[in-house]
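**Student:** Here you go, one structure.
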Amino acid sequence: MIVDKFLYQKISFALMNVMVLVGVSGLMFLSLDSSIFIEWSFGGGSINFSLTLLMDWVSCSFLTVVLCISSNVVWYSKSYMGGDGDANRFILLVLGFVVSMVILIISPNIFSILLGWDGLGLISYCLVIYYPSKKSNSAGMITVLSNRVGDVCVLLSIAWFVVLGDFNFSTWSLGGDLTSLMILSFLVMVAALTKSAQIPFSAWLPAAMAAPTPVSALVHSSTLVTAGVYLLIRFSFLLGELGSSVLMFISMMTMFMSGVVAIFECDLKKIIALSTLSQLGMMMFAISLGLYQVAFFHLLSHALFKALLFLCAGVLIHGVGSTQDVRYFGGLVKNFPLVSVCMNLANFSLCGIPFMSGFYSKDLIVELACQDSWGMSILFLMFVCLGLTVLYSVRLSFLAFISTPGYGSFCSVCEQDFTLLGPVATLTFISLLSGPSLSLLSFSYPVLIFLPWVMKMGALAVISASVVLSVSVLGITSMGLSSSTFLSTFSGFMWFMPWLSGQGVLMSSMKKADSILKILDQGWLEFYLGKVTESSPSKFNTISLGFQRNALKLHFSIFLVWLLMILIYLI
Amino acid sequence: MAALVKKALFHPVLRNNGVARLQFVRLAGYWNKDWKPGPYPKTDAERIAAAKKYGLLPQDYEPYPDDGFGYGDYPKLPLVSADMKDPLYNWDYPEMKRNFGEPLHTQYDAYTEERMSNARTQHSPMYMLGCFLGVMGAFLAVHILIEYNHWYLEHPWTPPQRPKEGKIHYTYEPLD
């Protein structure tokens, strides 16, 4: 039970105030084209610690978005989690997560980034296992263990940063040899891939939807998963040609995989999680092209409309009686008019419909990619992924709002809780404005892109064609695809990645671990550490008891031995 | 590997010191010496007695082979992971999905509901791995082929005219 019934409002208001302060500071840094290093030194003499913080436009803008989403999610959680018995634990975990994210954002060196990075992983585990069920436990395990791989890579990279001579990314100097730089680049990239759930570490993101919906809105859409993208943006100097090529391929495959799988998915939150995966792939793709500023712009705009999408999903899930299967939805536009409008606006941004917030960043990435000469496979896959995004977004809207009302729709309540609708409306308003405002602020000069008209209109043509295709296919069946084809099986199981990265890895090492258990733990270690530690003290005890028997002969013989030793010493 | 394991486990040091071999129940946090399995049953009478001890029918009782892993007369039960057992049945211990007196599998703690599962999957592990690697490999092969042959979509484009110190992109002269 919540002790203070205004606790959530107070926290939300405090976060909003900090957001305004940080936002104004960011604008100031942008206008002055400056940044601030704040360094505290502790200790003295031979032991000297220093804590450094970096405040610049990038960190302030990211902080503003994170705090804005956190404030709205906490406000939303008052009603969504209000009836829960562990609501205090929930809000503490959320606050802990926000603090970890703040530490990550304002850290200029890999040491303090590690503090925030580890904090994010561990607190997100605690949030995923919030509900006490076996499914949440399994989801939490795969989440934390996948993130742990990235944590290990960051730890290893700290050692390799010694080669560069500096742990700060803002004062770097590439003084190391090529091998060290390649290893460092590999470690940082793997860390970013695990956190951002790129292939082959994609299994944890849909599984993490076992967490409460406010957690998904804050953690799994806009903050935790973007930490990997943020790390790569800050450490972009490490990415060489080979790293960029590998990143390009992995990000393209992630976008394609998540787009295809989302078409076959029936869980509402998993569809949105897969769309997050697709957009993360888009950000990684932009980084691989060297478009760090554009990737950061897409990160910010995506965070806002994706959080909005999750909040709308939460209202629908609550309204239809806690079911997440979209096949039980249908016709919800009548019961949830405001939420349907907000959700569709978020979907339009996701698809890159002109002049929505996603259009400014997504279309920019596509046009800049077309501006340079790339392989046809890359361009083809990019346009296919754009179309897939539209396909699953239209499918989601159709199944939730337009199709024949399902069981959940007949039992649903109307939208009447202002505590749920307020954050939805606020985020909709902010998300709509974020596109044009961030595009003006992010780029210090206008980006003029000259392309042949076919390529210029390519993205819009693909979006329009995908809308027509999805509507025509949806008009026949819910997706028009048989469930027995290889494509539906392969995609329905997410390209078998959950099994391969979970049971597959476990099974292969289980038998070897079993043999080691039998030989070492239950065998030699049991003898040397168990039996010996049991029998050795008793043997020594027997010997020492013998010396305490007060035997006159024993004492006299010890006296004689000492006398002999003293005589030898004197001689 | 099995021969090496057998040699290691049949070492006189381990055999003569009476090491409690079956330590798996320690993971449950409680061990009783009366639970230590008996020696491997060699005669039919011993087998029947062991089956009765573990609450099994003699025709269902099958001990582990005497290959040095130290299971003694403990029965070799079929491995059924917890998620494969009926969730709606009225178990005596519902969290373990087990009834009173039912013998546990030697690896039961690795196959609880939140851990591993040996459920039969729709496809074999090799099929799943093959599909995943096949699809990724196919895309990679196409990508490498296109990059190697330089099959790029060439189109006329101008380099971006970004502001730079001292660089002039445009001059504004009146048309003559």
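The values are calculated or read from the model by the stated rules, or taken from the named source; none is laboratory data. Since the structure is predicted, the reported quantities are computational estimates derived from the model, not experimental observations. Cβ placement follows ideal geometry from the backbone for every residue including glycine, while neighbour counts extend to all protein chains displayed.
**Student:** I need a count of the residues in the range A:487-500 that are surrounded by fewer than 19 Cβ atoms within 10 Å (Cβ to Cβ) and more than 9 Å from chain B (Cβ to nearest Cβ).
**Tutor:** The qualifying residues number 4.
**Student:** Considering only the range A:133-170, state which residues are within 14 Å of another protein chain (Cβ to nearest Cβ) and outside any helix (DSSP H, G or I).
**Tutor:** Passing the criteria: only A:Ser133.
**Student:** Now a separate question. Let me confirm something: among A:Ser544, A:Ser488, A:Ser508, A:Ser536, which residue is touching a residue at least 24 places away in the same chain (Cβ under 8 Å) and part of a helix (DSSP H, G or I)?
**Tutor:** From the options A:Ser544, A:Ser488, A:Ser508, A:Ser536, the qualifying one is A:Ser488.
**Student:** Something else about it: So A:Tyr130 ticks every box in (1) assigned to a helix (DSSP H, G or I); (2) crowded, with 19+ Cβ neighbours inside 10 Å; (3) in contact (Cβ under 8 Å) with a residue 60 or more places away in the chain but one. Which box is left unticked?
**Tutor:** (1)
**Student:** Then there is this: I'm trying to understand the selection: among the residues of the range B:31-68, which are surrounded by 17 or more Cβ atoms within 10 Å (Cβ to Cβ), small (Gly, Ala, Ser) and in a loop (DSSP other than H, G, I, E, B)?
**Tutor:** Within the range B:31-68, B:Gly68 is the sole residue that qualifies.
**Student:** Looking at A:Ile113, is it part of a loop (DSSP other than H, G, I, E, B) and either surrounded by 23 or more Cβ atoms within 10 Å (Cβ to Cβ) or not assigned by the TED database to the domain that holds A:Ser34 (or both)?
**Tutor:** In short, no.
**Student:** May I ask you to list pairs of residues, at least six apart or on different chains, whose Cβ atoms are under 6 Å apart, with the first in the range A:434-458 being within 14 Å of chain B (Cβ to nearest Cβ) and the second being of a type in the set (D, E, K, R) and surrounded by 10 or more Cβ atoms within 10 Å (Cβ to Cβ)?
**Tutor:** Partner pairs satisfying both residue conditions: A:Ile449/A:Glu367.
**Student:** Evaluate the following for B:Met116: is it more than 10 Å from chain A (Cβ to nearest Cβ) and either among the aliphatic types (A, V, I, L, M) or in a helix (DSSP H, G or I) (or both)?
**Tutor:** Here the answer is no, as B:Met116 does not meet what is asked.
**Student:** With the checklist (1) of a type in the set (Lys, Arg); (2) in contact with a Ser or Thr (Cβ under 9 Å, 6 or more places away or on another chain); (3) more than 30 Å from A:Thr489 (Cα to Cα) in hand, flag the one item B:Arg115 doesn't pass.
**Tutor:** Looking at each condition in turn, B:Arg115 falls short on (3).
**Student:** Would you pick out the residues in the range A:217-245 that are among the polar types (S, T, N, Q) and either in a loop (DSSP other than H, G, I, E, B) or under 10 Å from the mean Cα position of the chain (by Cα) (or both)?
**Tutor:** Listed by number, the residues that qualify are A:Ser221, A:Ser222, A:Thr223, A:Thr226.
**Student:** Filter the helices (runs of 4 or more DSSP H) completely within the range A:360-465 down to those with at least 3 residues that are under 28 Å from A:Ser322 (Cβ atoms).
**Tutor:** A:376-397, A:407-410, A:418-442
**Student:** Just to be sure before I move on: is B:Leu77 at pLDDT 90 or above, more than 10 Å from chain A (Cβ to nearest Cβ) and in contact with a His (Cβ under 8 Å, 6 or more places away or on another chain) in the structure I sent?
**Tutor:** In short, yes.
**Student:** How do the pairs read when you match residues in the range A:215-239 that are over 30 Å from A:Phe90 (Cα atoms) and free of Cβ contacts under 8 Å to residues at least 40 places away in the same chain with residues anywhere that are of a type in the set (Gly, Ala, Ser) and surrounded by fewer than 24 Cβ atoms within 10 Å (Cβ to Cβ), using Cβ under 7 Å and keeping only pairs 6 or more apart or on different chains?
**Tutor:** none
**Student:** Return yes when A:Phe556 is without any contact (Cβ under 8 Å) to a residue 12 or more places away in the chain, more than 30 Å from A:Leu399 (Cα to Cα), hydrophobic (A, V, I, L, M, F, W, C) and away from every other protein chain (no Cβ under 11 Å) and no when it is not.
**Tutor:** Yes: the conditions hold for A:Phe556.
**Student:** Quick one: which residue in A:Leu388, A:Leu420 is closer than 21 Å to A:Ala262 by Cα, surrounded by 21 or more Cβ atoms within 10 Å (Cβ to Cβ) and more than 14 Å from every other protein chain (Cβ to nearest Cβ)?
**Tutor:** A:Leu388
**Student:** Which of the residues spanning the range B:65-103 are within 17 Å of B:Gly38 (Cα to Cα) and without any contact (Cβ under 8 Å) to a residue 40 or more places away in the chain?
**Tutor:** Correct list: B:Pro65, B:Asp66, B:Asp73, B:Pro75, B:Lys76, B:Leu77.
**Student:** State whether the residues of the range B:121-143 include one that is closer than 27 Å to A:Ser515 by Cα, out of contact with any Phe, Trp or Tyr (no Cβ under 9 Å at 6 or more places or on another chain) and β-branched (Val, Ile, Thr).
**Tutor:** No, there is no match, as no residue in the range B:121-143 is closer than 27 Å to A:Ser515 by Cα, out of contact with any Phe, Trp or Tyr (no Cβ under 9 Å at 6 or more places or on another chain) and β-branched (Val, Ile, Thr).
**Student:** Since B:Leu88 meets every condition but one in (1) within 11 Å of another protein chain (Cβ to nearest Cβ); (2) closer than 25 Å to A:Ala139 by Cβ, which condition does it not meet?
**Tutor:** (1) is the only condition that B:Leu88 fails.
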